[in-house]
């Protein structure tokens, strides 16, 4: 990575072909800068989750490469994972742990691997505060009893509190009400700009993306159809909003 460019994440020519010839990703390329909130936007089945799993090092690409802070995610996986956090849309397990036990466990594992075990308690307290949940709920109720929205708040909070170079958040506001969604968007924005975290997120809500993201990549059938600032994409396509712009670009792609 050219450190002067400020690019934390570099995604170059990603292809993922599953058995049977199913092309989940087709030449996906984009970059995410330090302190930027970047959205990968498209309908279900467009390739967002596959892209996130490849970027997080959980799935090998058929071709292409992913760099985080200049570290190749697939040839130096352990080193790369010290630099990123990943919150999938659905997180299983941990049902028997309380919220605080979950935070302490996952933050301890992450920071210890990074050689920052002395920061664990500080990060746990920060994550607990960021979650916005009452302390009594975090300390006494098990994760298995949390609503989907409560789980999302806990999971996203640890992913930001450990101060990674890159936070990958798949549908971070899924399951949240309007007020909680607003608060979480504000937190994501604040941590990106205030701590220089590059945030890569997905969302099914085009309006949310317009409000939150500095830049977006629009994806359809595993292929990027546009990359840029939401306002610029809307203007260049002569659209009223990002959803209309997306539909026009997809129609143009189909010819």
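Structural remarks
- Which listed residue, of 154, 137, is part of a helix (DSSP H, G or I), farther than 30 Å from residue 8 by Cα and in contact with a helix residue (DSSP H, G or I) (Cβ under 9 Å, 6 or more places away or on another chain): 137
- Every residue from the range 1-16 that is outside any loop (DSSP other than H, G, I, E, B), out of contact with any helix residue (DSSP H, G or I) (no Cβ under 9 Å at 6 or more places or on another chain) and either under 17 Å from residue 167 (Cβ atoms) or modelled with pLDDT under 95 (or both): 3, 4, 5, 7, 8, 10
- Scanning the range 64-83 for residues that are out of contact with any helix residue (DSSP H, G or I) (no Cβ under 9 Å at 6 or more places or on another chain) and within 17 Å of residue 200 (Cα to Cα) returns 65, 80, 83.
- Residue match in the range 25-48 (condition: over 20 Å from residue 169 (Cβ atoms) and either touching a helix residue (DSSP H, G or I) at 6+ places or on another chain (Cβ under 9 Å) or surrounded by fewer than 16 Cβ atoms within 10 Å (Cβ to Cβ) (or both)): yes
- When every residue of the range 165-183 is checked against the conditions, at least one turns out to be touching a helix residue (DSSP H, G or I) at 6+ places or on another chain (Cβ under 8 Å), under 26 Å from residue 50 (Cβ atoms) and part of a helix (DSSP H, G or I).
- Scanning the range 87-100 for residues that are without any contact (Cβ under 8 Å) to a residue 40 or more places away in the chain and surrounded by fewer than 16 Cβ atoms within 10 Å (Cβ to Cβ) yields 90, 92, 93.
- Flag for residue 196 being out of contact with any helix residue (DSSP H, G or I) (no Cβ under 9 Å at 6 or more places or on another chain) and farther than 26 Å from residue 94 by Cα: yes
- Test: residue in the range 59-82 that is in a loop (DSSP other than H, G, I, E, B), at positive phi, surrounded by 19 or more Cβ atoms within 10 Å (Cβ to Cβ) and at pLDDT 95 or above: yes
- Being surrounded by fewer than 20 Cβ atoms within 10 Å (Cβ to Cβ), modelled with pLDDT under 95 and assigned to a loop (DSSP other than H, G, I, E, B) is a property that residue 238 lacks.
- Among residues of the range 217-235, those that are surrounded by 19 or more Cβ atoms within 10 Å (Cβ to Cβ) and either more than 24 Å from residue 23 (Cβ to Cβ) or in contact with a strand residue (DSSP E or B) (Cβ under 9 Å, 6 or more places away or on another chain) (or both), counted: 10
- So residue 199, is it in a helix (DSSP H, G or I) and in contact (Cβ under 8 Å) with a residue 40 or more places away in the chain: no
- Residue, nearest to the chain's Cα centre (by Cα), within the range 40-58, restricted to residues that are assigned to a loop (DSSP other than H, G, I, E, B) and closer than 23 Å to residue 209 by Cα: 56
The values are calculated or read from the model by the stated rules, or taken from the named source; none is laboratory data. These numbers were taken from a predicted model, which means no experiment stands behind them. No Cβ is skipped: glycine too gets one built from the backbone with ideal geometry, and neighbour counts run over all protein chains shown.
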